[in-house]
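The values are calculated or read from the model by the stated rules, or taken from the named source; none is laboratory data. Computed from a prediction, not measured in an experiment: that's the story for all the values here. So basically every Cβ, Gly included, is an ideal-geometry build from the backbone, and we count neighbours across all protein chains shown.
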Amino acid sequence: MSNTRMPVGIVGFGVRALLIDDLLARDDIEVRAICDPSDSARARASDQVPSALVTAQLAEMLESGVEAVFVLSPDDTHAAVAKACLSAGVAVFCEKPIAISIEDADEMLVLAKQTGARLYLGHNMRHMPVVTLMREIIQSGRIGTVKAVWARHFVGHGGDYYFKDWHAEQKHVNSLLLQKGAHDIDVIHWLAGGYSQRVSGMGGLTVYGDVEHGKPAGDMMTDWISTDNWPPTEQTGVNPNVDVEDISMVTMQLDNGVFATYEQCHYTPDYWRNYTVIGTKGRLENVGDGPGDAVHVWMSRKAGFGAPDEVIEIPEASGSHGGADPLLLDEFIRFVRDGGTTETSPIAARQAVAVGVLGAESIRTDQGARDVPALDPELIRYFDEGQPGSRSGVAAQSAR
Ligand SMILES: NC(=O)c1ccc[n+]([C@@H]2O[C@H](COP(=O)([O-])OP(=O)(O)OC[C@H]3O[C@@H](n4cnc5c(N)ncnc54)[C@H](O)[C@@H]3O)[C@@H](O)[C@H]2O)c1
(Lines give C-alpha, C1' and ligand atoms only; values in the text may rest on other atoms or scores of the structure.)
Protein backbone atom coordinates (compact mmCIF):
# COMPACT_ATOMS: atom_id res chain seq x y z
CA MET A 1 0.00 0.00 0.00
CA SER A 2 1.19 3.53 -0.80
CA ASN A 3 2.48 5.54 2.14
CA THR A 4 0.76 8.75 0.98
CA ARG A 5 -2.52 9.70 2.57
CA MET A 6 -5.45 9.57 0.18
CA PRO A 7 -7.55 12.78 0.35
CA VAL A 8 -11.23 11.94 0.98
CA GLY A 9 -14.43 13.91 1.39
CA ILE A 10 -17.58 13.30 3.43
CA VAL A 11 -21.03 14.30 2.19
CA GLY A 12 -23.58 14.41 5.02
CA PHE A 13 -22.26 14.89 8.55
CA GLY A 14 -25.08 13.39 10.62
CA VAL A 15 -25.41 10.19 12.65
CA ARG A 16 -23.60 7.96 10.14
CA ALA A 17 -20.64 10.31 10.24
CA LEU A 18 -19.73 8.39 13.39
CA LEU A 19 -17.40 6.78 10.85
CA ILE A 20 -15.28 9.90 11.36
CA ASP A 21 -13.56 8.38 14.40
CA ASP A 22 -12.41 5.38 12.36
CA LEU A 23 -11.42 7.66 9.46
CA LEU A 24 -9.37 10.02 11.64
CA ALA A 25 -7.63 7.06 13.28
CA ARG A 26 -6.24 5.86 9.93
CA ASP A 27 -2.82 6.85 8.63
CA ASP A 28 -3.63 6.10 4.97
CA ILE A 29 -6.24 8.81 4.39
CA GLU A 30 -6.71 12.51 5.00
CA VAL A 31 -10.25 13.87 5.60
CA ARG A 32 -9.83 16.89 3.32
CA ALA A 33 -13.38 18.17 2.90
CA ILE A 34 -16.84 17.83 4.47
CA CYS A 35 -20.05 18.95 2.77
CA ASP A 36 -23.44 19.43 4.46
CA PRO A 37 -26.21 21.99 3.86
CA SER A 38 -27.02 22.21 7.59
CA ASP A 39 -25.34 24.97 9.66
CA SER A 40 -25.25 22.85 12.81
CA ALA A 41 -23.75 19.85 10.95
CA ARG A 42 -21.05 22.10 9.46
CA ALA A 43 -20.29 23.55 12.90
CA ARG A 44 -19.85 20.00 14.28
CA ALA A 45 -17.65 19.10 11.32
CA SER A 46 -15.37 22.14 11.81
CA ASP A 47 -15.11 21.29 15.47
CA GLN A 48 -14.19 17.64 14.91
CA VAL A 49 -11.95 18.09 11.87
CA PRO A 50 -10.47 21.61 12.08
CA SER A 51 -8.08 20.94 9.19
CA ALA A 52 -10.88 20.09 6.70
CA LEU A 53 -12.55 22.37 4.20
CA VAL A 54 -16.17 22.52 5.43
CA THR A 55 -18.68 23.64 2.84
CA ALA A 56 -22.33 23.50 1.82
CA GLN A 57 -21.32 23.17 -1.85
CA LEU A 58 -20.57 19.76 -3.35
CA ALA A 59 -18.76 21.41 -6.29
CA GLU A 60 -16.34 23.08 -3.87
CA MET A 61 -15.57 19.71 -2.29
CA LEU A 62 -14.97 18.12 -5.69
CA GLU A 63 -12.54 20.92 -6.59
CA SER A 64 -10.53 20.35 -3.41
CA GLY A 65 -8.66 17.37 -4.88
CA VAL A 66 -10.51 14.59 -3.04
CA GLU A 67 -9.94 11.17 -4.59
CA ALA A 68 -12.86 9.46 -2.88
CA VAL A 69 -16.10 10.64 -1.33
CA PHE A 70 -18.20 9.04 1.40
CA VAL A 71 -21.88 9.65 0.60
CA LEU A 72 -23.52 9.64 4.07
CA SER A 73 -26.47 11.93 3.31
CA PRO A 74 -30.19 10.95 3.32
CA ASP A 75 -31.24 8.13 0.99
CA ASP A 76 -33.03 10.33 -1.57
CA THR A 77 -29.81 12.31 -2.14
CA HIS A 78 -27.51 9.33 -2.80
CA ALA A 79 -28.12 9.11 -6.55
CA ALA A 80 -27.55 12.80 -7.34
CA VAL A 81 -24.49 13.13 -5.09
CA ALA A 82 -22.92 9.87 -6.25
CA LYS A 83 -23.52 10.70 -9.90
CA ALA A 84 -21.84 14.12 -9.50
CA CYS A 85 -18.81 12.45 -7.89
CA LEU A 86 -18.56 9.65 -10.47
CA SER A 87 -18.86 12.20 -13.29
CA ALA A 88 -15.92 14.10 -11.73
CA GLY A 89 -13.88 10.87 -11.77
CA VAL A 90 -13.99 10.54 -7.98
CA ALA A 91 -14.44 7.14 -6.33
CA VAL A 92 -17.63 6.76 -4.29
CA PHE A 93 -18.45 5.02 -1.03
CA CYS A 94 -22.26 5.13 -1.11
CA GLU A 95 -24.21 4.28 2.01
CA LYS A 96 -27.07 1.82 1.75
CA PRO A 97 -29.54 1.93 0.14
CA ILE A 98 -27.84 2.71 -3.16
CA ALA A 99 -30.92 4.74 -4.15
CA ILE A 100 -34.66 4.90 -3.49
CA SER A 101 -35.75 3.90 -6.99
CA ILE A 102 -34.69 1.08 -9.31
CA GLU A 103 -34.19 3.60 -12.12
CA ASP A 104 -31.74 5.72 -10.08
CA ALA A 105 -29.82 2.64 -8.97
CA ASP A 106 -29.52 1.45 -12.58
CA GLU A 107 -28.34 4.87 -13.76
CA MET A 108 -25.63 4.88 -11.07
CA LEU A 109 -24.37 1.47 -12.20
CA VAL A 110 -24.30 2.53 -15.85
CA LEU A 111 -22.51 5.80 -15.04
CA ALA A 112 -19.88 4.08 -12.90
CA LYS A 113 -19.09 1.74 -15.80
CA GLN A 114 -19.07 4.59 -18.36
CA THR A 115 -16.80 6.89 -16.33
CA GLY A 116 -14.60 4.12 -14.95
CA ALA A 117 -14.79 5.76 -11.51
CA ARG A 118 -14.98 3.17 -8.71
CA LEU A 119 -18.31 2.62 -6.96
CA TYR A 120 -18.50 0.87 -3.59
CA LEU A 121 -21.54 0.22 -1.41
CA GLY A 122 -21.52 0.52 2.38
CA HIS A 123 -23.45 -2.68 3.05
CA ASN A 124 -21.55 -3.22 6.30
CA MET A 125 -23.62 -6.25 7.34
CA ARG A 126 -21.53 -8.31 4.90
CA HIS A 127 -18.67 -7.72 7.36
CA MET A 128 -20.68 -8.42 10.55
CA PRO A 129 -19.42 -11.44 12.51
CA VAL A 130 -22.92 -12.95 12.88
CA VAL A 131 -23.46 -12.80 9.12
CA THR A 132 -20.00 -14.02 8.12
CA LEU A 133 -20.34 -16.90 10.60
CA MET A 134 -23.70 -17.98 9.11
CA ARG A 135 -22.23 -17.75 5.62
CA GLU A 136 -19.24 -19.88 6.62
CA ILE A 137 -21.54 -22.55 8.06
CA ILE A 138 -23.60 -22.59 4.85
CA GLN A 139 -20.48 -22.73 2.67
CA SER A 140 -19.11 -25.64 4.72
CA GLY A 141 -22.05 -27.68 3.41
CA ARG A 142 -23.24 -28.67 6.92
CA ILE A 143 -26.86 -27.77 6.24
CA GLY A 144 -26.80 -28.95 2.61
CA THR A 145 -28.21 -26.87 -0.23
CA VAL A 146 -30.08 -23.77 0.96
CA LYS A 147 -33.78 -23.87 0.11
CA ALA A 148 -35.32 -21.22 2.41
CA VAL A 149 -34.25 -18.11 4.33
CA TRP A 150 -36.59 -16.47 6.89
CA ALA A 151 -35.42 -13.20 8.41
CA ARG A 152 -37.14 -11.23 11.15
CA HIS A 153 -36.00 -7.78 12.24
CA PHE A 154 -37.20 -6.57 15.64
CA VAL A 155 -36.44 -2.84 15.31
CA GLY A 156 -36.88 -1.90 18.96
CA HIS A 157 -35.33 1.55 18.46
CA GLY A 158 -37.56 2.12 15.42
CA GLY A 159 -39.67 4.90 16.94
CA ASP A 160 -36.56 6.95 17.77
CA TYR A 161 -34.46 5.99 14.77
CA TYR A 162 -36.97 6.25 11.95
CA PHE A 163 -40.17 8.07 12.88
CA LYS A 164 -39.00 11.51 14.05
CA ASP A 165 -37.05 12.83 11.05
CA TRP A 166 -36.76 12.38 7.27
CA HIS A 167 -36.78 8.58 7.57
CA ALA A 168 -40.56 8.73 8.22
CA GLU A 169 -41.39 10.11 4.78
CA GLN A 170 -41.78 8.17 1.54
CA LYS A 171 -40.30 11.03 -0.46
CA HIS A 172 -36.97 10.59 1.36
CA VAL A 173 -36.82 6.78 1.74
CA ASN A 174 -39.55 5.21 -0.41
CA SER A 175 -40.26 2.83 2.50
CA LEU A 176 -38.58 1.53 5.63
CA LEU A 177 -38.79 -1.87 3.97
CA LEU A 178 -36.25 -0.37 1.55
CA GLN A 179 -34.34 1.95 3.93
CA LYS A 180 -33.81 -0.52 6.76
CA GLY A 181 -34.56 -3.74 4.93
CA ALA A 182 -31.91 -3.09 2.25
CA HIS A 183 -29.42 -4.52 4.77
CA ASP A 184 -31.32 -7.73 5.47
CA ILE A 185 -32.59 -8.32 1.95
CA ASP A 186 -28.96 -8.09 0.82
CA VAL A 187 -27.96 -10.59 3.52
CA ILE A 188 -30.81 -12.93 2.53
CA HIS A 189 -29.59 -12.83 -1.08
CA TRP A 190 -25.98 -13.37 0.03
CA LEU A 191 -26.79 -16.33 2.29
CA ALA A 192 -29.08 -17.86 -0.34
CA GLY A 193 -26.64 -17.35 -3.22
CA GLY A 194 -29.26 -15.79 -5.51
CA TYR A 195 -31.36 -12.69 -6.14
CA SER A 196 -35.11 -12.22 -5.83
CA GLN A 197 -36.97 -12.42 -9.08
CA ARG A 198 -40.52 -12.12 -7.69
CA VAL A 199 -41.78 -10.22 -4.62
CA SER A 200 -45.04 -9.61 -2.79
CA GLY A 201 -45.82 -7.88 0.48
CA MET A 202 -48.22 -6.83 3.19
CA GLY A 203 -47.86 -4.24 5.94
CA GLY A 204 -49.03 -0.87 7.19
CA LEU A 205 -48.64 2.09 9.53
CA THR A 206 -50.17 0.50 12.60
CA VAL A 207 -48.83 2.41 15.67
CA TYR A 208 -46.89 5.60 14.86
CA GLY A 209 -49.75 7.07 12.82
CA ASP A 210 -51.75 7.40 16.05
CA VAL A 211 -49.19 8.72 18.58
CA GLU A 212 -48.32 12.35 19.43
CA HIS A 213 -46.89 14.11 16.41
CA GLY A 214 -44.70 17.20 16.67
CA LYS A 215 -41.07 18.28 16.90
CA PRO A 216 -38.58 15.86 18.43
CA ALA A 217 -36.41 17.06 21.31
CA GLY A 218 -33.22 18.07 19.50
CA ASP A 219 -31.37 18.33 16.24
CA MET A 220 -30.50 14.74 15.43
CA MET A 221 -31.42 11.22 16.53
CA THR A 222 -28.63 11.01 19.12
CA ASP A 223 -30.36 13.92 20.98
CA TRP A 224 -33.66 12.09 21.51
CA ILE A 225 -32.99 8.34 21.55
CA SER A 226 -33.71 6.71 24.92
CA THR A 227 -34.84 3.27 26.05
CA ASP A 228 -37.17 5.21 28.41
CA ASN A 229 -39.27 6.10 25.35
CA TRP A 230 -41.60 3.20 26.03
CA PRO A 231 -44.24 1.94 25.28
CA PRO A 232 -44.39 2.93 21.61
CA THR A 233 -47.91 4.32 22.03
CA GLU A 234 -46.40 6.95 24.39
CA GLN A 235 -43.82 8.17 21.85
CA THR A 236 -43.77 11.92 21.23
CA GLY A 237 -42.25 14.14 18.54
CA VAL A 238 -43.16 11.84 15.66
CA ASN A 239 -42.81 13.47 12.21
CA PRO A 240 -46.32 14.86 11.40
CA ASN A 241 -45.82 13.87 7.75
CA VAL A 242 -45.22 10.19 8.57
CA ASP A 243 -46.40 8.03 5.66
CA VAL A 244 -44.14 4.95 5.83
CA GLU A 245 -45.13 1.54 7.22
CA ASP A 246 -44.07 0.52 10.74
CA ILE A 247 -44.64 -3.15 9.95
CA SER A 248 -43.67 -4.75 6.64
CA MET A 249 -43.59 -8.36 5.51
CA VAL A 250 -42.43 -9.59 2.13
CA THR A 251 -42.11 -12.96 0.44
CA MET A 252 -39.45 -13.51 -2.22
CA GLN A 253 -38.84 -16.13 -4.88
CA LEU A 254 -35.16 -16.19 -5.81
CA ASP A 255 -33.63 -16.94 -9.21
CA ASN A 256 -31.99 -20.13 -7.84
CA GLY A 257 -35.21 -21.63 -6.49
CA VAL A 258 -34.77 -20.45 -2.88
CA PHE A 259 -37.85 -19.02 -1.12
CA ALA A 260 -37.42 -16.25 1.45
CA THR A 261 -39.41 -14.06 3.80
CA TYR A 262 -38.49 -10.83 5.57
CA GLU A 263 -40.45 -9.26 8.42
CA GLN A 264 -39.68 -5.89 9.98
CA CYS A 265 -41.45 -4.34 13.00
CA HIS A 266 -40.57 -0.93 14.49
CA TYR A 267 -42.20 -1.23 17.91
CA THR A 268 -40.79 -4.35 19.54
CA PRO A 269 -39.23 -4.08 23.04
CA ASP A 270 -36.03 -5.79 21.83
CA TYR A 271 -33.71 -4.74 18.98
CA TRP A 272 -32.03 -7.51 16.99
CA ARG A 273 -32.22 -9.65 13.88
CA ASN A 274 -33.07 -13.33 13.64
CA TYR A 275 -32.23 -15.42 10.58
CA THR A 276 -33.28 -18.99 9.92
CA VAL A 277 -31.66 -20.75 6.99
CA ILE A 278 -33.05 -24.14 5.97
CA GLY A 279 -31.05 -26.46 3.75
CA THR A 280 -31.45 -30.02 2.49
CA LYS A 281 -29.41 -31.42 5.42
CA GLY A 282 -30.16 -29.09 8.30
CA ARG A 283 -31.05 -25.68 9.55
CA LEU A 284 -29.26 -22.79 11.28
CA GLU A 285 -30.59 -19.93 13.35
CA ASN A 286 -28.85 -17.10 15.17
CA VAL A 287 -29.98 -16.56 18.76
CA GLY A 288 -28.88 -12.98 19.42
CA ASP A 289 -26.71 -11.20 16.87
CA GLY A 290 -23.79 -9.75 18.83
CA PRO A 291 -20.47 -11.01 20.18
CA GLY A 292 -21.04 -13.78 22.74
CA ASP A 293 -24.44 -14.71 21.23
CA ALA A 294 -24.58 -17.85 19.11
CA VAL A 295 -25.58 -19.50 15.87
CA HIS A 296 -27.38 -22.81 16.49
CA VAL A 297 -27.13 -25.58 13.89
CA TRP A 298 -29.40 -28.64 13.69
CA MET A 299 -28.17 -31.47 11.44
CA SER A 300 -29.97 -34.54 12.82
CA ARG A 301 -33.64 -35.40 13.14
CA LYS A 302 -35.44 -34.58 16.44
CA ALA A 303 -38.83 -35.34 17.88
CA GLY A 304 -40.23 -31.92 18.77
CA PHE A 305 -37.85 -29.11 19.72
CA GLY A 306 -34.41 -30.60 20.16
CA ALA A 307 -31.07 -29.27 21.28
CA PRO A 308 -28.93 -28.04 18.39
CA ASP A 309 -26.13 -30.31 17.22
CA GLU A 310 -23.72 -27.38 17.23
CA VAL A 311 -23.75 -24.03 19.03
CA ILE A 312 -21.15 -21.66 17.66
CA GLU A 313 -20.37 -18.44 19.49
CA ILE A 314 -20.38 -15.20 17.49
CA PRO A 315 -16.81 -13.89 17.79
CA GLU A 316 -15.78 -10.64 19.43
CA ALA A 317 -14.80 -7.80 17.14
CA SER A 318 -13.94 -4.21 17.88
CA GLY A 319 -15.49 -1.16 16.21
CA SER A 320 -18.99 0.06 15.41
CA HIS A 321 -21.73 -2.20 13.98
CA GLY A 322 -20.30 -5.30 15.61
CA GLY A 323 -16.83 -4.62 14.24
CA ALA A 324 -18.10 -4.35 10.66
CA ASP A 325 -17.24 -0.70 10.06
CA PRO A 326 -13.42 -0.88 10.35
CA LEU A 327 -13.42 -3.89 7.97
CA LEU A 328 -15.68 -2.00 5.57
CA LEU A 329 -13.29 0.98 5.53
CA ASP A 330 -10.26 -1.30 5.03
CA GLU A 331 -11.98 -2.87 2.04
CA PHE A 332 -13.03 0.45 0.53
CA ILE A 333 -9.60 2.09 0.81
CA ARG A 334 -7.93 -1.01 -0.69
CA PHE A 335 -10.51 -1.03 -3.50
CA VAL A 336 -9.98 2.65 -4.35
CA ARG A 337 -6.21 2.25 -4.41
CA ASP A 338 -5.80 -1.19 -5.95
CA GLY A 339 -9.19 -2.25 -7.40
CA GLY A 340 -10.29 -5.89 -7.32
CA THR A 341 -13.38 -7.68 -6.09
CA THR A 342 -15.08 -6.78 -2.80
CA GLU A 343 -17.48 -8.47 -0.38
CA THR A 344 -20.07 -5.72 -0.86
CA SER A 345 -21.54 -5.42 -4.32
CA PRO A 346 -23.22 -2.60 -6.30
CA ILE A 347 -25.29 -5.20 -8.21
CA ALA A 348 -26.48 -6.77 -4.94
CA ALA A 349 -27.29 -3.29 -3.61
CA ARG A 350 -29.50 -2.67 -6.64
CA GLN A 351 -31.22 -6.04 -6.21
CA ALA A 352 -31.99 -5.22 -2.55
CA VAL A 353 -33.48 -1.88 -3.62
CA ALA A 354 -35.60 -3.66 -6.23
CA VAL A 355 -37.16 -5.83 -3.49
CA GLY A 356 -37.74 -2.75 -1.30
CA VAL A 357 -39.37 -0.76 -4.09
CA LEU A 358 -41.54 -3.58 -5.45
CA GLY A 359 -42.40 -4.93 -1.99
CA ALA A 360 -43.60 -1.47 -0.91
CA GLU A 361 -45.58 -1.10 -4.12
CA SER A 362 -47.23 -4.47 -3.44
CA ILE A 363 -47.97 -3.53 0.21
CA ARG A 364 -49.54 -0.22 -0.86
CA THR A 365 -51.69 -1.59 -3.67
CA ASP A 366 -52.96 -5.12 -4.25
CA GLN A 367 -50.46 -7.20 -2.19
CA GLY A 368 -49.79 -9.07 -5.43
CA ALA A 369 -46.45 -10.35 -6.72
CA ARG A 370 -44.15 -8.18 -8.84
CA ASP A 371 -41.29 -9.26 -11.13
CA VAL A 372 -37.86 -7.70 -10.59
CA PRO A 373 -36.65 -6.08 -13.84
CA ALA A 374 -33.58 -7.83 -15.22
CA LEU A 375 -30.19 -6.12 -15.41
CA ASP A 376 -27.94 -5.99 -18.47
CA PRO A 377 -25.64 -9.08 -18.23
CA GLU A 378 -22.65 -6.93 -19.28
CA LEU A 379 -23.26 -4.64 -16.31
CA ILE A 380 -23.47 -7.64 -13.98
CA ARG A 381 -20.21 -9.01 -15.38
CA TYR A 382 -18.42 -5.65 -14.97
CA PHE A 383 -19.31 -5.37 -11.28
CA ASP A 384 -18.94 -9.08 -10.49
CA GLU A 385 -15.40 -8.92 -11.86
CA GLY A 386 -14.54 -5.99 -9.56
CA GLN A 387 -14.98 -3.15 -12.09
CA PRO A 388 -12.01 -4.14 -14.33
CA GLY A 389 -10.37 -1.21 -16.08
CA SER A 390 -11.83 1.26 -13.58
CA ARG A 391 -9.47 3.97 -12.37
CA SER A 392 -8.10 4.41 -8.87
CA GLY A 393 -8.85 7.73 -7.19
CA VAL A 394 -5.34 8.94 -8.06
CA ALA A 395 -5.53 7.93 -11.74
CA ALA A 396 -8.98 9.46 -12.05
CA GLN A 397 -7.70 12.70 -10.53
CA SER A 398 -4.83 13.04 -12.96
CA ALA A 399 -7.14 12.20 -15.90
CA ARG A 400 -9.39 15.18 -15.11
N1 LIG B 1 -24.66 1.17 7.11
C2 LIG B 1 -25.15 1.54 8.27
O3 LIG B 1 -25.04 0.83 9.24
C4 LIG B 1 -25.82 2.87 8.41
C5 LIG B 1 -26.12 3.37 9.66
C6 LIG B 1 -26.72 4.61 9.75
C7 LIG B 1 -27.04 5.31 8.60
N8 LIG B 1 -26.74 4.79 7.39
C9 LIG B 1 -27.06 5.52 6.15
O10 LIG B 1 -26.39 6.78 6.18
C11 LIG B 1 -27.20 7.77 5.57
C12 LIG B 1 -27.35 8.95 6.53
O13 LIG B 1 -28.09 8.55 7.65
P14 LIG B 1 -27.97 9.34 9.04
O15 LIG B 1 -28.64 8.51 10.03
O16 LIG B 1 -26.56 9.77 9.24
O17 LIG B 1 -28.86 10.65 8.74
P18 LIG B 1 -28.79 12.05 9.49
O19 LIG B 1 -30.08 12.73 9.25
O20 LIG B 1 -28.31 11.88 10.88
O21 LIG B 1 -27.62 12.83 8.71
C22 LIG B 1 -27.75 13.19 7.36
C23 LIG B 1 -26.92 14.44 7.12
O24 LIG B 1 -26.92 14.71 5.72
C25 LIG B 1 -27.14 16.09 5.53
N26 LIG B 1 -27.71 16.32 4.20
C27 LIG B 1 -28.99 16.41 3.81
N28 LIG B 1 -29.07 16.62 2.47
C29 LIG B 1 -27.79 16.66 2.02
C30 LIG B 1 -27.22 16.84 0.74
N31 LIG B 1 -27.96 17.02 -0.37
N32 LIG B 1 -25.89 16.83 0.64
C33 LIG B 1 -25.11 16.68 1.72
N34 LIG B 1 -25.59 16.47 2.98
C35 LIG B 1 -26.94 16.47 3.11
C36 LIG B 1 -28.05 16.51 6.67
O37 LIG B 1 -27.98 17.91 6.92
C38 LIG B 1 -27.48 15.68 7.82
O39 LIG B 1 -26.44 16.38 8.50
C40 LIG B 1 -28.52 7.10 5.20
O41 LIG B 1 -28.53 6.81 3.83
C42 LIG B 1 -28.54 5.83 6.01
O43 LIG B 1 -29.20 4.77 5.37
C44 LIG B 1 -26.13 3.59 7.28
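The single residue among L72, L23, L18, L53 that is among the aliphatic types (A, V, I, L, M), surrounded by fewer than 21 Cβ atoms within 10 Å (Cβ to Cβ) and touching a Lys or Arg at 6+ places or on another chain (Cβ under 9 Å) turns out to be L53.
Would you mind finding the one in K281, K215 that is modelled with pLDDT under 95, among the basic types (K, R) and over 30 Å from A374 (Cβ atoms)?
On inspection, the qualifying residue turns out to be K215.
Considering each residue of segment 345-400, count those that are in a helix (DSSP H, G or I) and at pLDDT 95 or above, and give that number.
Of segment 345-400, the ones in a helix (DSSP H, G or I) are 346-364, 377-384, 393-399.
Pick out the ones that are also at pLDDT 95 or above and you get 346-364, 377-384.
Qualifying residue count for the region: 27.
Kindly indicate which of H127, H123, H78 is crowded, with 20+ Cβ neighbours inside 10 Å and free of Cβ contacts under 8 Å to residues at least 60 places away in the same chain. Step by step, each of H127, H123, H78 is checked, and only H78 is crowded, with 20+ Cβ neighbours inside 10 Å and free of Cβ contacts under 8 Å to residues at least 60 places away in the same chain. Against the numbered list (1) within 15 Å of the ligand (Cβ to nearest atom); (2) under 23 Å from P373 (Cβ atoms); (3) of a type in the set (K, R), R198 comes up short only at (1). The helices (runs of 4 or more DSSP H) found wholly in segment 2-114 and carrying at least 3 residues that are of a type outside the set (A, V, I, L, M, F, W, C) occupy 39-48, 78-87.
Hey, could you check segment 151-171 for residues that are more than 10 Å from the ligand (Cβ to nearest atom) and assigned to a loop (DSSP other than H, G, I, E, B) and say which is farthest from I185 (Cα to Cα)? So that I can check it myself, show each step before the final result.
Narrowing segment 151-171 to residues more than 10 Å from the ligand (Cβ to nearest atom): 151-160, 163-164, 168-171.
Next cut, assigned to a loop (DSSP other than H, G, I, E, B) only: 156-157, 163-164, 169.
Values: G156: 19, H157: 19, F163: 21, K164: 24, E169: 21 Å.
Looking at residues that are more than 10 Å from the ligand (Cβ to nearest atom) and assigned to a loop (DSSP other than H, G, I, E, B), I get K164.
Give all pairs with beta carbons closer than 6 Å in which a residue from segment 100-113 that is closer than 14 Å to E378 by Cα and touching a residue at least 40 places away in the same chain (Cβ under 8 Å) meets a residue that is of a type outside the set (V, I, T) and assigned to a helix (DSSP H, G or I); count only pairs at least 6 apart in sequence or on separate chains. Pairs that qualify, where the first residue is closer than 14 Å to E378 by Cα and touching a residue at least 40 places away in the same chain (Cβ under 8 Å) and the partner is of a type outside the set (V, I, T) and assigned to a helix (DSSP H, G or I), are L109/P346; L109/L379; A112/L86; K113/Y382.
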